[in-house]
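Visitor: Here it is, the structure, as structure tokens.
Every number in this text was worked out from the coordinates using simple rules, so none of it is lab data. Worth saying up front: this structure is predicted, and the values here are computed from it rather than measured. Note that each Cβ is placed from the backbone with ideal geometry, even for glycine, and that neighbours are counted across all protein chains shown.
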Amino acid sequence: MTRPRWALRVLGLALLAACAAPRPKAAQAEYDAWVARLDPAVPDAAAAASACRALGRSGRPEAVEPLLKVWDALLERKFHRFGLPPELEAVRAAAAEALGLLGDIKAVPVLRRGLLDEDRTVSARSAEALALLGDAGSAPALARLAEGQDEGLAQTALEALGAVGGAGAEEALRKALDGPRPFLAVTAAYGLGLRSSVVGRLRLEGWLEESAEPTREGILAAHYLAKLGVPSGVPFLAKLAKDGPPDLRLLAVDALGKTGRAEAVEPLAPAAADKEPSTRVLAALALGRLPGKKAETALRALAVDPDPGVAKAAGAALSERGAR
């Protein structure tokens, strides 16, 4: 059985939704350069994946067509060669994510096919994209994924079910809520919360109230509560990020960033000032996911950190949010 990916990359719909918010259109020269990197004859997979991500955030609706083209070309190559190397599967995953961010329903058939892909990352990114597109028709396939043995992918599917609704979505979420796998139960509660279910929110709050000691499930529940806008989520994570056990402290820092909420900035201050560069890098990554001027100010301070790894992470986060 695949180990649960409770470290909260699982889906990040709130973060992706923030990325999908309207942005200024990229310049034509930039757009043309990104499209040129998608040429299947060019064997630079890393550049192609980066170009897909850039196109997803380009603010240019016409980017859908080259993304669909590269998807089709790689899928044809996969069939003819009985598989693709991991670096080319990564291009397909990046294309799926970008198609979701662009918000064009023309991508729905491709993404529904992506849900069934044997590459787990392609499948997960397709689920994320369909959730952003609000494709209720994908609910039956998502429900099947939610019952699979890969718990990370099942979590992704449950989050997406909460976002899209559709036939059988609530039934699948309630089944996972009462099932034997704790991380899936927490995620199902969040999915129900997205569907405005009081039961989902109450179950998430119950994980916090009933835990005698902090747990990974509790961190996940607090993260989801924060994403739902419930006040108890961020304070729970803030306390752990400040003085929790070392392993849970780092998870809480990561979770604060992935809430996507401005009130999570201040609780990240201890991590941003930590003596360990690796913790400061994690703080920079977390701050990069949060909105507002306070997050940007904190990132600017980390961008001149004496440790080059910290400075690089903060600089990349500033660049991603368009800060100069």
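Visitor: Before anything else, pin down the relative contact order of region 214-324: Cα pairs under 8 Å, at least 6 apart, normalised by residue count, whole percent. Could you put the intermediate results ahead of the total?
Guide: Values: 177 pairs, mean separation 21.1, N = 111.
The value is 19 percent.
Visitor: Could I ask something else about it? To make sure I understand, if each residue's beta carbon is the centre and we count other beta carbons within 10 Å, what order do T297, T215 fall in, fewest to most?
Guide: Exposure proxy ranking, most exposed first: T297, T215.
Visitor: Please list the helices of the chain that count as membrane-span-like by this rule: a mean Kyte-Doolittle hydropathy of at least 1.6 together with Cα atoms stretching 15 Å or more along the helix axis, each helix being a complete DSSP H run. All intermediate terms of the calculation are to be shown ahead of the outcome.
Guide: Values: long enough: 45-56 (17 Å, 1.10); 64-81 (26 Å, -0.27); 86-102 (24 Å, 0.78); 120-133 (20 Å, 0.57); 151-164 (19 Å, 0.77); 182-194 (18 Å, 1.49); 198-210 (18 Å, -0.11); 216-227 (17 Å, 0.06); 233-243 (16 Å, 0.45); 246-258 (18 Å, 0.43); 277-288 (16 Å, 1.08); 308-320 (18 Å, 0.49).
Long hydrophobic helices here: none detected.
Visitor: Give the cross-link partners of K312 among the lysines, using a straight C-alpha distance below 18 Å as the criterion and excluding same-chain residues fewer than 8 apart.
Guide: Once the sequence-local lysines are set aside, what remains near K312 is K275.
Visitor: So between D32 and A273, what do we pick up on full extension, going 0.36 nm a residue minus the alpha carbon distance? Write down the numbers at each step before the final one.
Guide: Numbers: separation 241, 0.36 × 241 = 86.76 nm, distance 4.09 nm.
This chain segment gains 82.7 nm when fully extended.
Visitor: Still on this structure: Listing I219, I105 from the residue with the fewest other Cβ atoms within 10 Å to the one with the most, what is the order?
Guide: Numbers: I219 29, I105 11.
Listing I219, I105 from fewest to most nearby Cβ atoms yields I105, I219.
Visitor: Additional query: With N set to the residue count of region 210-286, report its C-alpha Rg divided by 2.2 N^0.38 Å to two decimal places. Write out the running numbers ahead of the final one.
Guide: Values: Rg = 11.2 Å, N = 77, 2.2 N^0.38 = 11.5 Å.
Cα-based Rg divided by the globular estimate yields 0.98.
Visitor: If you count, for each residue, the other Cβ atoms within 10 Å and average over each peptide, how do 255-263, 79-87, 27-35 line up from highest to lowest?
Guide: Numbers: 255-263: 23.3, 79-87: 10.7, 27-35: 14.3.
My ranking of the peptides, most packed first, is 255-263, 27-35, 79-87.
Visitor: Which distance in nm do the two modelled labels at D307 and S211 give, with both placed 7 Å along the Cα-to-Cβ direction?
Guide: 2.5
Visitor: With unit charges on the beta carbon (Lys/Arg positive, Asp/Glu negative), name the residue among L250, A303, P270 whose Cα is farthest towards the positive pole of the charge dipole of region 214-324.
Guide: Towards the positive end, the residue furthest out is A303.
Visitor: Tell me the mean residue ellipticity at 222 nm calculated for the chain from its helices only (DSSP H runs of n ≥ 4, each -39500 (n - 2.57), averaged over every residue, nearest 500). If you can, show how the numbers build up before the last one.
Guide: Working: 19 runs with 218 residues, N = 324.
The per-residue figure over the chain is -20500 deg cm²/dmol.
Visitor: Expressed as a rounded percentage, what relative contact order does the chain have, with Cα pairs under 8 Å and six or more residues apart? Before the final figure, lay out each step's value.
Guide: Details: 560 pairs, mean separation 39.0, N = 324.
Relative contact order, the chain: 12 percent.
Visitor: Can you flag which of K106/K294; K242/K293; K78/K227; K25/K227 are past 26 Å Cα-Cα? The partial results should precede the final answer.
Guide: On the way: K106/K294 38 Å; K242/K293 22 Å; K78/K227 37 Å; K25/K227 28 Å.
From the list (K106/K294; K242/K293; K78/K227; K25/K227), the Cα-Cα distance tops 26 Å for K106/K294; K78/K227; K25/K227.
Visitor: Distances longer than 36 Å among the Cα atoms of the chain: what percent of all pairs is that? Display every interim value, and only then the final one.
Guide: Values: 9541 of 52326 pairs.
So the pairs more than 36 Å apart make up 18 percent of the total in the chain.
Visitor: Dimensions of region 248-324 along principal axes (Cα, Å, largest first)?
Guide: Here the Cα extents, ordered largest to smallest, are 29, 26, 15 Å.
Visitor: Measuring from centroid to centroid over Cα atoms, what is the spacing of region 175-223 and region 71-89 in Å?
Guide: Each part's Cα centre sits 38 Å from the other's.
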